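*Asks:* Pasting in a structure now, in structure tokens, and then I'll have a few things to ask.
Each reported figure results from applying straightforward, stated rules to the coordinates on display, with no laboratory input. Please read these numbers as outputs of a predicted model, since none were measured by experiment. Note: ideal-geometry Cβ built from the backbone for every residue, glycine included; neighbour counts use all protein chains shown.
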Amino acid sequence: MCRIVYINNDGGGFADQIEIGDGTSVAKLFAERVPHGNPADYLIRVNRQPVSADQVLQTGDRVSFTPVKIEGA
């Protein structure tokens, strides 16, 4: 297990420390945390840098999912 900071900028937004399994990729975390979302509609960053979907997360990483399309706007 590793511990990361997960920042959800969808809706009200929040930041929380979560535990994920070793070897968890960005794509897997996105599928778990935003099950109805399309990754193309989000700016996905690790440690403030855009990353590929297959990037494996490490202890201490800061992951953020920010929608690029805002509903109703």
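*Asks:* Decide, for the range 1-42, between rounded, prolate and oblate: order the square roots of the alpha carbon gyration tensor eigenvalues as a ≥ b ≥ c, take rounded if a/c falls under 1.5, and otherwise choose prolate if a/b is larger than b/c, else oblate.
*Replies:* Since a/c reaches 1.5 but b/c is at least a/b, the shape of the range 1-42 is classed as oblate.
*Asks:* Residue by residue through the range 25-32, what is 3J(HN,Hα) from phi via Karplus (6.51 cos²θ - 1.76 cosθ + 1.60, θ = phi - 60°)? Round to whole Hz and write x for glycine and proline.
*Replies:* Values, residue by residue: 8, 4, 4, 5, 4, 4, 4, 6 Hz.
*Asks:* Sticking with this one: Note down the relative contact order for the chain as a percent, whole number, built from C-alpha pairs under 8 angstrom at least six residues apart.
*Replies:* For the chain, the relative contact order is 41 percent.
*Asks:* Tell me which trypsin sites (Lys or Arg not before Pro) from the range 1-50 have a DSSP coil assignment and no more than 11 other beta carbons within 10 Å of their own.
*Replies:* Arg48
*Asks:* May I ask you to list the GluC sites (Glu not before Pro) in the range 11-73 that are in a DSSP loop and have at most 11 other Cβ atoms within 10 Å of their Cβ?
*Replies:* The qualifying sites are Glu71.
*Asks:* Would you report the distance distribution of C-alpha pairs in the chain as whole percents per 10 angstrom bin, up to the bin with the largest distance?
*Replies:* Histogram of Cα-Cα distances, whole percents per bin: 20, 59, 19, 2.
*Asks:* 222 nm [θ] for the chain, helices only, -39500 (n - 2.57) per DSSP H run of 4+, per residue, to 500?
*Replies:* Value at 222 nm, helices only: -3000 deg cm²/dmol.
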